[in-house]
Amino acid sequence: MTVIAVFNQKGGVGKTTTALNLLAGLAQRKQRPLAIDLDPQAHLSGIFGVRPRLADDSVYSFFVRQRPLADITEIAASGVMVCPGHLDLSKLDTMLGKGVNVVTRLRTALRVPGVAPGPVVIDCCPLLGVLSLNAIFACDLVVIPVSADYLALQGAQQVERALNALETVFKARLPRRYLLTRFDARRKMSSEVADLMAMAFRPEEICVTRIAENVSLAESPARQLDVFRYAPTSTGARDYRALVDELVTAGLA
Ligand code: ADP
Ligand code: MG
């Protein structure tokens, strides 16, 4: 079982799009992926058609009253298992704090045999709070989408600093991959951000795959579909297939 956290401290960079299509791509490889939605906006859950009315039926109750993940897991039409998010997740920082036993709660739960038979993909919110820390402590790999703009790059650099600061806790470098998204070769800013990324991060930690700006990727969530089901021959489907191949080949997924 591999646990992948999709995180950037900036919003709107393609975290949810990446989580959705990684899950779908892994499901196509006959794996049985589990999605965990740690964003109070719960967009990923909504795309999977799983949107609990009560916080108690979401991952909120796992954090607040230790409800087993299996109790709140639903199976989406695509076969992906989903631990849905809920707006009340935004209360957790004040409710729980950031003690060691709190930030390792997800890690402990996912290590119980049978909880996650296949790969796990966690969609994070853009804040480094108790939820994202749970994702970081639970994961084997952090994927950091960087939409091809300067603020997304700044957010990714904040993530790099945060992960490096946590290295003393992990006593190892936490595996990470920076993923350039919304790349548009006609735009000067896109290639500038790509060049800046190459200077900001270790070359081996930057994905070879780039996700191009593609309308099918933006349209598919409105149909509650991943890009492979919505537009299988689109460049969006091609790019996310290449990403899954790259991560699987590197033994990261
Ligand atoms: P985040 O989860 O980081 O906030 P999203 O995945 O929700 O970001 O993406 C933000 C917006 O950008 C969404 O409307 C999404 O459909 C769109 N989007 C993401 N990636 C692409 C892409 N490669 N091409 C076109 N639109 C994209
Ligand atoms: Mg999102």
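What follows is calculated from the coordinates using simple rules that are stated; it is not laboratory data. Keep in mind it's a predicted model, so treat the numbers as computed, not measured. Don't worry about glycine lacking a Cβ; one is built from the backbone with ideal geometry, like all the others, and counts go over all protein chains shown.
Taking the criterion of being part of a loop (DSSP other than H, G, I, E, B), of a type outside the set (A, V, I, L, M) and under 22 Å from Ser132 (Cα atoms), the residues of the stretch 43-54 that qualify are Phe48, Arg51, Pro52. Here the stretch 190-213 is the region considered, the condition is being farther than 18 Å from Ala242 by Cα and under 20 Å from the mean Cα position of the chain (by Cα), and the residue that is surrounded by the fewest Cβ atoms within 10 Å (Cβ to Cβ) is Phe201.
When Ala70 is tested against (1) in a loop (DSSP other than H, G, I, E, B); (2) surrounded by fewer than 24 Cβ atoms within 10 Å (Cβ to Cβ); (3) free of Cβ contacts under 8 Å to residues at least 60 places away in the same chain, only condition (1) is not met.
Checked against (1) in a helix (DSSP H, G or I); (2) within 16 Å of ligand 1 (Cβ to nearest atom), Pro40 passes all but condition (1). If only one of Thr2, Thr17, Thr73 is within 9 Å of ligand 1 (Cβ to nearest atom) and of a type in the set (Val, Ile, Thr), which one is it? Just one listed residue meets the conditions, Thr17.
Looking across Ser90, Ser58, one residue alone is of a type in the set (Ser, Thr, Tyr), more than 25 Å from Ser216 (Cβ to Cβ) and touching a Leu at 6+ places or on another chain (Cβ under 8 Å). It is Ser58.
As for the stretch 67-84, it holds at least one residue that is closer than 28 Å to Glu167 by Cβ and over 15 Å from the mean Cα position of the chain (by Cα). Here is a check on your reading of the model: is Val82 within 16 Å of ligand 2 (Cβ to nearest atom), surrounded by 24 or more Cβ atoms within 10 Å (Cβ to Cβ) and free of Cβ contacts under 8 Å to residues at least 40 places away in the same chain? Spelling it out, it is not the case that Val82 is within 16 Å of ligand 2 (Cβ to nearest atom), surrounded by 24 or more Cβ atoms within 10 Å (Cβ to Cβ) and free of Cβ contacts under 8 Å to residues at least 40 places away in the same chain.
Answer yes or no as to whether Ser90 is closer than 19 Å to Ala42 by Cβ, within 16 Å of ligand 2 (Cβ to nearest atom), in a helix (DSSP H, G or I) and touching a strand residue (DSSP E or B) at 6+ places or on another chain (Cβ under 6 Å). Criteria not met by Ser90.
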